[in-house]
Structure formats: structure tokens, C-alpha cells
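The values are calculated or read from the model by the stated rules, or taken from the named source; none is laboratory data. Quantities reported herein were computed from a predicted structural model and do not represent experimental measurements. So basically every Cβ, Gly included, is an ideal-geometry build from the backbone, and we count neighbours across all protein chains shown.
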């Protein structure tokens, strides 16, 4: 976002707060049972899935409340029939449709805003403009933190537990730490998957991409793993999954695998169709990315690859199915993470050790 946009928003929010001096309160002033909530988890697929236990716990703790969710427009369809949410408002990113979105949020008249994961400064700004009295978010360096109802301490616990803390702080007592998505009941989507992958046989998915390069195992590693699996288990079919932008990477892997049964389905599925594919897989081998969390929520057997990111805070947690984590500590004294153009940390993970974990599920 441009500095000008930020400055204009700062001035607008400051003026709004001056005009509504009695709106924002600290959590110690909460003297009623909230009946109208706004929950914000407006970023990527994985982050939103990590918020589902908190949303579910909020609903179970306040069964009569109305819960409105601000979700990113690219993944909102996945949660259209999520029984714990009454209404979804799509977030378009940055300042696109900012005031239109703020108006829609304000129409819901939330009393409490829980920011589980959102892009700043828009997330707190939306919350302030909603008219809510209490806004909760985990530790942030945002100058808008002065508008929050409570100052949480930084902890080193799983992200799911940190988000559950917001529910606990607002008075929630029925806590469920398991990720969840709406039930898979769309027959047409299931039939599409059947046409795409065929019937019968063992299917292993390779989630080859991730939001950031530093989280990704190299294509050469996936190629080597495919060859090892084909040599040891010749009847297995491998599916390369990912978004449309990863098609070229997948084509490179398919071409290098020669006669091995490897198919490129990157970009062929919408986000609300992806669960139907993961449900069909016998195993998913994946980088730290959204489909990994979706597999944990579905109970798909999973081998998850980690190095620069911390699997203890964003890895499997109360996963519904069996999983294995292959982790290597980052070798650099000072990890540059997103700035790293050649992430040697993920290259520490060998094809052979991943194969060893894969074969635990064969």
C-alpha cells in the first residue's frame, strides 16, 4: 500500500475516534454477554483454516450470537455453508472497496471484533469503523494497537491456541481446537474429481508450491521422490497440485519424470473443489501451505515438509488424520526467510528421508 493511502486512513480513523469518544472500551469494562460478533481472518487459505477452531469455539460459547466473518474473496466460497458463521463479507485486499466493505460491516452492528488474522492497518480500521466497542487482536506493532481492548503478551504456542485466547478473553468457555470445514456434500464436485483422477489405484498428491519461495522444496527434489516411489511402488499415480501460476513448474516435473505416472492438475480446481481432491488422495506430500492445513482438517494422511517455518506453531495440531513432519532447522545464523532467493534450508530435506515417511503410509 502507498504511504499516501496509509496517511489518509490514519487521519480518517483519528477523526472518527474523536467524533465517537465513548465507543472503544477496554476488556475490563465488558459487563454484558455479547450478541453480535465480527471475526476477521482475511488473508490466505492456511491462515483462515487455522482460525476455524476459534470461530467454532466462539459459536459454541455464544450459541445465540450472530457471527459475521470478513474473509478474503478468493477463499470465501469454501466457507459458504460453514455452520458456525451467519454471514460472510468478502475482503478484496488493500484499499479496494474499502469504504464499501466498511459499510457492509457496519450494517451488522457488531459489539465485539475478533481479529484472528488480518492485513493491517485495514483490519483494525474496519473494526473501529464497525462501531464495535471491543476489538481484540494478538500482539501487533501497528500504531492502531491503541484502539485494542486488551494487550496480549507474545507467546510461543501454536497459532490455533493463540487465536483461541481471543475467544477465552471475551468470555468463551467451550473450546474446540480442531480445524473444520463445511461437509463435502456436493455430488457434482465429487464427480468432477472422479473424472479428473480416474477410478481405483493409489493416489499420492505432491503440493509443489507455496505462497513464498522460501517454503518450497525444489522441483528437482519432487522429481527425485517421484522416481523413488515409482521404482518401489510401480502402481502408484502421482498428482501435482497447485494454483494456475504453478503449472509451468509442474510441467517441468512431469517432463523430467519420463514414463512415470505423474499428472499435472495445477490450476484445474477452484478452492471449494480442492477438498474433494484431498479427500480422494491416499497421501499428500506437501510444503507448508494452505492445502497442507486443509489436509489436516480433512484427515488426509500427510507428509509435511518444514524448515524455515516453525511446525510447532503453525504445523499439525489436533489433525484429524495421520501425519508425518519432516523438519530441518534453518542452517543460517540469520534467516532471511522471504528475502532468500535460494532457500538452502528446504534443500536439506532429502528425497530418501521423505520416501521413508511416505512408505509408512503405503
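Inspect the stretch 317-324 for any residue being surrounded by fewer than 24 Cβ atoms within 10 Å (Cβ to Cβ), within 24 Å of residue 154 (Cα to Cα) and in contact (Cβ under 8 Å) with a residue 24 or more places away in the chain and give the result as yes or no. Steps first, answer last, please.
Residues of the stretch 317-324 that are surrounded by fewer than 24 Cβ atoms within 10 Å (Cβ to Cβ), as a first pass: 317-324.
If we keep only those that are within 24 Å of residue 154 (Cα to Cα) as well, we get 317-318.
Filter again for in contact (Cβ under 8 Å) with a residue 24 or more places away in the chain, leaving 317-318.
Within the stretch 317-324, one or more residues are surrounded by fewer than 24 Cβ atoms within 10 Å (Cβ to Cβ), within 24 Å of residue 154 (Cα to Cα) and in contact (Cβ under 8 Å) with a residue 24 or more places away in the chain.
Pick out the one residue from 135, 160 that is in a helix (DSSP H, G or I) and either over 20 Å from residue 55 (Cα atoms) or assigned by TED's automatic domain parsing to the domain that holds residue 49 (or both).
The unique qualifying residue is 160.
State all residues of the stretch 28-50 that are out of contact with any helix residue (DSSP H, G or I) (no Cβ under 6 Å at 6 or more places or on another chain) and either in a helix (DSSP H, G or I) or outside the structural domain of residue 81 (by TED's automatic domain parsing) (or both); if no residue qualifies, say none.
28, 29, 47, 48
Can you find a residue that is at pLDDT below 95 and either closer than 30 Å to residue 187 by Cβ or surrounded by fewer than 23 Cβ atoms within 10 Å (Cβ to Cβ) (or both) anywhere in the stretch 297-308?
Our first condition is that a residue be at pLDDT below 95; within the stretch 297-308, this holds for 307-308.
Restricting the remaining residues to those that are either closer than 30 Å to residue 187 by Cβ or surrounded by fewer than 23 Cβ atoms within 10 Å (Cβ to Cβ) (or both) gives 308.
Yes.
Please state which of the following conditions residue 165 fails to meet, knowing it meets all the rest: (1) outside any loop (DSSP other than H, G, I, E, B); (2) touching a helix residue (DSSP H, G or I) at 6+ places or on another chain (Cβ under 8 Å); (3) buried (at least 17 other Cβ atoms within 10 Å of the Cβ).
Checking residue 165 against (1) outside any loop (DSSP other than H, G, I, E, B); (2) touching a helix residue (DSSP H, G or I) at 6+ places or on another chain (Cβ under 8 Å); (3) buried (at least 17 other Cβ atoms within 10 Å of the Cβ), the one that fails is (2).
Of all residues in the stretch 76-97, which are crowded, with 18+ Cβ neighbours inside 10 Å and either in a helix (DSSP H, G or I) or outside the structural domain of residue 165 (by TED's automatic domain parsing) (or both)?
Answer for the stretch 76-97, where residues must be crowded, with 18+ Cβ neighbours inside 10 Å and either in a helix (DSSP H, G or I) or outside the structural domain of residue 165 (by TED's automatic domain parsing) (or both): 76, 78, 79.
Does residue 262 satisfy the criteria of being assigned by TED's automatic domain parsing to the domain that holds residue 343, surrounded by fewer than 21 Cβ atoms within 10 Å (Cβ to Cβ) and in contact with a helix residue (DSSP H, G or I) (Cβ under 6 Å, 6 or more places away or on another chain)?
No.
Can you give me the number of residues within the stretch 170-216 that are closer than 30 Å to residue 344 by Cα, modelled with pLDDT of 95 or more and under 23 Å from the mean Cα position of the chain (by Cα)? Spell out the reasoning first.
From the stretch 170-216, those closer than 30 Å to residue 344 by Cα are 203-216; that's our starting set.
Within this subset, residues satisfying the condition of being modelled with pLDDT of 95 or more are 203-208.
Then keep just the ones that are under 23 Å from the mean Cα position of the chain (by Cα); that gives 204-208.
Of the residues in the stretch 170-216, 5 are closer than 30 Å to residue 344 by Cα, modelled with pLDDT of 95 or more and under 23 Å from the mean Cα position of the chain (by Cα).
Looking for whichever is surrounded by 18 or more Cβ atoms within 10 Å (Cβ to Cβ) and in the same structural domain as residue 115 (by TED's automatic domain parsing) here; the options are 55, 17. Which one fits? Full working, then the answer.
Working: 17 fails: surrounded by 18 or more Cβ atoms within 10 Å (Cβ to Cβ).
Going through 55, 17 in turn, the sole match is 55.
Run down 237, 252 and say which single residue is in the same structural domain as residue 330 (by TED's automatic domain parsing), touching a residue at least 40 places away in the same chain (Cβ under 8 Å) and more than 23 Å from the chain's Cα centre (by Cα). Before the answer, list the steps.
Working: 252 fails: touching a residue at least 40 places away in the same chain (Cβ under 8 Å).
Being in the same structural domain as residue 330 (by TED's automatic domain parsing), touching a residue at least 40 places away in the same chain (Cβ under 8 Å) and more than 23 Å from the chain's Cα centre (by Cα) holds for just one of 237, 252, which is 237.
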